[in-house]
1. Using just the helices of the chain, give the 222 nm mean residue ellipticity in deg cm²/dmol: DSSP H runs with n ≥ 4 each add -39,500 (n - 2.57), and the total is spread over all residues, rounded to 500.
2. With each pseudo-label sitting 7 Å past Cα toward Cβ, what's the Ser148-Asp265 distance in nm, one decimal?
3. For Ala242 and Asp54 in one chain, what is 0.36 nm times their gap in residues minus the Cα-Cα distance, to one decimal in nm?
4. With a point put 7 Å past each Cα toward its Cβ, work out how far Lys155 is from Lys122 in nm, to one decimal.
5. I'd like the Kirkwood hydrodynamic radius of the chain, using the inverse of the mean 1/r over distinct C-alpha pairs, in Å.
6. Hey, with R₀ at 45 Å, roughly what FRET efficiency would Lys273 and Asn67 work out to, going by the Cβ-Cβ distance, to 0.05?
7. Strictly over 28 Å apart at the Cα level, which of Lys3/Lys100; Lys3/Lys122; Lys55/Lys112; Lys33/Lys179 would you flag in this model?
8. Hey, if you put +1 on the Cβ of every Lys and Arg and -1 on every Asp and Glu Cβ in the chain, which of Leu210, Leu74, Gly272 ends up farthest toward the positive end of that dipole?
Amino acid sequence: MVKIFIDPGHGGTDSGAVGSGLQEKNLTLQIAKKMQQLLLTYENVQVRLSRETDKTMSLRQRTDMANNWNADFLISVHINAGGGTGFETFIYPGVGGVTKRNQDILHAEVMKELDGVRDRGKKRADFFMLRESKMDAILTENLFIDNSGDVAKLKQASILNKIAQGHVNGVVKAYGLRKKAVAKPAPSPTPKPAPTKPTPTQPDKGGSALMDKAIVIGGFPDFASAEMLAARLKAPIYTRAALPNGKIAKELYVVGGSASGLQADKIISLTGKDRFEVAAAVAEFLNR
Ligand SMILES: [Zn+2]
């Protein structure tokens, strides 16, 4: 298990550098949260942020947090200011080994994501976050808040995401992280937003045999529920409009809406006065 500590620079009463309506503390938090989200799609990694909100924190509180947690790697994320452009990274003077290697990797990965951004180099500085943290640590300065070209980039969520992606690619490479297997969505009776269109399975083109089961959705359908039911019954879903004329199945499951006019040996009505009641009726049926 690798423990990655991400420190979004500044926060609360300390806004960090400001310019053109942007505040460093907000940009660093956005980048850090994106990093966390991306990193958690990998196996064997734990992520902790020094702050997840716009909160005032001393540098000592931040390094204490990382030290007490026994983080393996600390990344302090900042936005630059003071006249300049581009990206640069810092590690503590005199350190080598893993810290230097991580800087080399992470720096290169961020530069890959930030096409056309000036590479200001891999540097060393006696910064508090680097000095007082016990683990390998890096501080990154991501573009300048007082440079119009850089500001235009910092105003784009897609660029902030790329900055985050570059950092994460660096961590993934440095620690050999592997992507989690994509989890199957767990069946849940909670109604979900409906997909734009249900996907009815077309009836057998041979057309001769009557299906055992089919699902008809109408009224206030809950598509997620209908899909769960379809998976359980191994039955196709039809909208009322797409339902072929005549009898198509022995058992017809009606998810939402009225069953009137439908033909089947058995009609199971799972309906209600709104989408949530329909979802509840389906959930109850599935749990029987
Ligand atoms: Zn800063």
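The numbers here are math on the coordinates, done by the rules we state, and not lab data. Remember, predicted model here, so these are calculated numbers, not experimental data. Every residue, glycine among them, receives a Cβ derived from its backbone with ideal geometry; neighbour counts consider all protein chains shown.
1. Computed mean residue ellipticity for the chain: -10500 deg cm²/dmol.
2. Calculated label separation equals 7.8 nm.
3. 62.5 nm
4. That separation, rounded to one decimal, is 3.4 nm.
5. 22.6
6. After rounding, the FRET efficiency stands at 0.20.
7. On the way: Lys3/Lys100 18 Å; Lys3/Lys122 23 Å; Lys55/Lys112 31 Å; Lys33/Lys179 18 Å.
Table pairs above 28 Å Cα-Cα are Lys55/Lys112.
8. The residue sitting farthest along the positive end of the dipole is Leu210.
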